[in-house]
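This report refers to the structure that appears directly beneath it.
The values are calculated or read from the model by the stated rules, or taken from the named source; none is laboratory data. What you are looking at is a predicted structure, and each value in this text was computed from that prediction instead of being measured. Cβ sites come from the backbone with ideal geometry, for glycine too, and all protein chains shown count toward neighbours. Accessible surface areas use protein heavy atoms only, side chains included; no ligands, DNA or RNA. Shrake-Rupley method; radii C 1.70, N 1.55, O 1.52, S 1.80 Å.
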Amino acid sequence: MKYVSTRGGLAGASFANVLLDGLAPDGGLVIPESYPSIESALGGLVGADYPEVAFGVLRMFIDEMSDADLRAVVNDTYRPGIFTGEGVIPVERIGDRWLMGLSSGPTLAFKDVAMQLLGRLFDFELTRQDRQIMVLGATSGDTGSAAEQAMIGRSRVSVVMLSPYGKMTPFQAAQMYSIDEANIVNLAVEGVFDECQDIVKALNADAQFKAAHNIGAVNSINWGRVLAQIVYYVWAWLRVGAKADTEIDVTVPTGNFGNVFAGWVAKKMGVPIRRLVVACNENNVLDEFFTTGRYVVRATEDVVTTSSPSMDIAKASNFERFIFDLLDRDAETTASVFSGLSPDAPYVVDPDVLAGTGFVSGTSTEADRMATIAGVYTDHGRLIDTHTADGWHVASQHIDHGVPMVCLETALPAKFSAAIERATGVVPPRPPGFEGIEDRPQHFTVIPPTTGAVRSHIEALNGTA
Ligand SMILES: *Cc1c(COP(=O)(O)O)cnc(C)c1O
């Protein structure tokens, strides 16, 4: 499998070439040259366990690892010691739908599914190349802790993570800031997530700086993360659709469009997915797009802070990959669309074109989240987190009883306990090991929301200031 850029400035790259980088050199996103078909392999995967399915899918996208090496990485990642859910990724029936539990990893959010794999793939590749890397990332709350947990103890990797100061839940902040490891640095930026993400993009666009500091990325634009996420869409069909030989619908709580984009790739590979339901919170640029055909990015100051903060995003950074596909992989047009986007210059497509993609969408508000969390608790005795609730609410508008609906559980309620308590009066239980996490000493530096501030910090870390 070879990889290209959505903007045309990269061709013939291997998985190893693209694994350690976020953006392609031309500012576009890395994407496979074409999507392999999984159709003929699906039958053979019915009944396989999660690591076996993961191996089968990853094998189609990674050429330069041997079967034995890839299997070792996959088996070490997707095991009970890392993911405590039954069968790694449990899929359970709740009322009129299915819930796929992606949050039983070390940081209690779905980001672990990809990040734990990435940490191990990084180790493998850096050892092979005898290199070191500094992972520069931005988080709205869950990516940061997942990346840091995945990189702890990896001597070839250091992490510099930008987070929006004061915008995460106390639990999320404690998950990151209580880490006390020489290779993990937390920068608390006085701004919102989009500003953190813009700083990371700006530094990544500076080729000289990037090379001087061996900068790599684990943000949701990293292809390795998308790849790891494709696996559980295959898994969802194997668990829910295979026996009845039916298509499935999947609802995905969406922020950066990374998770649901993986669903799109799975569908393009031939996994029988009929609809992908994009669920937004109040920051619903993507719902607007899928219902009207108009993609109007919002200004950073128009991002609404909600109780599903991992979806509080103005510009969905993975969206460019989907538009590239929608434009029949016309890199020139993709480049012009994405270099010219602003709140005053929307990108518009014919809604008929979108109708053929299988994407539908919806928005969930604070009132919807609260009512959904309370309702699911009353009806099924089950606590769900705020993001999962956004998905659940939007899924309810799209359930079609001939086709099973799979909702993705993207985090555990313990991460967002104030909101869960507000909705139900119940404090969600914490898994073992997380008691009193907010009271542990914290390690972070507060910085202004400027590229210069982050640049200076990295130079100081590397002794080049
Ligand atoms: C990151 C995150 C999302 C959004 O995922 P994207 O891949 O950015 O669309 C949704 N829910 C939770 C809990 C998250 O951590």
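General observations
- Average Cα contact separation per residue, the chain, under 8 Å, 6 or more apart, as relative contact order %: 19 percent
- Distance-filtered residues of segment 21-40 - backbone nitrogen under 20 Å, label point 7 angstrom along Glu332 Cα→Cβ: 26-29
- Diffusion coefficient, µm² s⁻¹, Stokes-Einstein with Kirkwood Rh over alpha-carbon pairs of segment 260-316 at 10 °C and 1.306 mPa s: 125 µm²/s
- Sequence-separation-based contact order of segment 375-465, relative, with Cα cut under 8 Å and 6+ spacing, percent: 21 percent
- Take every pair of alpha-carbon atoms less than 8 Å apart whose residues are at least six positions apart; their mean separation over the length of segment 1-123 yields a relative contact order of 18 percent.
- Order by protection proxy (mean Cβ within 10 Å, highest first), peptides 39-51, 315-327: 315-327, 39-51
- Sorting Asp390, Asp352 on solvent-accessible area from highest to lowest, probe radius 1.4 Å, gives Asp352, Asp390.
- Sum of -39500 (n - 2.57) over DSSP H runs of 4+, divided by residues of the chain (222 nm, nearest 500): -12000 deg cm²/dmol
- Order by protection proxy (mean Cβ within 10 Å, highest first), peptides 60-70, 135-145: 135-145, 60-70
- Available extension along the chain between Ile152 and Ala299 is 49.4 nm, counting 0.36 nm per residue and deducting the alpha carbon span.
- Chain lengthening between Ser37 and Asp180 when straightened (0.36 nm per residue, less Cα-Cα): 47.1 nm
- If the convex hull is drawn through the Cα atoms of segment 235-348, its volume per residue in Å³: 106 Å³
- Taking 0.36 nm per residue of sequence separation and removing the Cα-Cα distance, the Glu52/Ala371 pair yields an extension gain of 111.0 nm.
- Segment 255-320, accessible area per residue, ligands and nucleic acids excluded (1.4 Å, Å²): 26 Å²
- Computed from Cα atoms alone, the Kirkwood hydrodynamic radius reported for segment 1-81 is 14.1 Å.
- In segment 339-445, the C-alpha radius of gyration followed by the widest Cα-Cα span (Dmax) gives 18.7, 54 angstrom.
- Counting DSSP beta bridges with both ends in the chain, the antiparallel % (nearest 5): 30 percent
- For segment 341-457, the solvent-accessible area works out to 44 Å² per residue, with a probe of 1.4 Å and every protein chain left in place.
- Cα gyration tensor category, rounded, prolate or oblate, for segment 124-180 with a/c compared to 1.5: prolate
- Long pairs among Lys2/Lys415; Lys111/Lys267; Lys267/Lys315; Lys167/Lys267, criterion Cα-Cα beyond 28 Å: Lys2/Lys415; Lys167/Lys267
- Share of carbon and sulfur in the accessible area of segment 351-465 stands at 55%, probe radius 1.4 Å.
- With both residues required to sit in segment 276-424, DSSP beta bridges show an antiparallel share near 45%.
- The label-point distance for Ala211 and Ser342, in a model that sets each label 7 Å from Cα toward Cβ, rounds to 3.2 nm.
- Each Cα pair of the chain feeds into the Kirkwood radius, which the Stokes-Einstein equation turns, at 20 °C and 1.002 mPa s, into a diffusion coefficient of 97 µm²/s.
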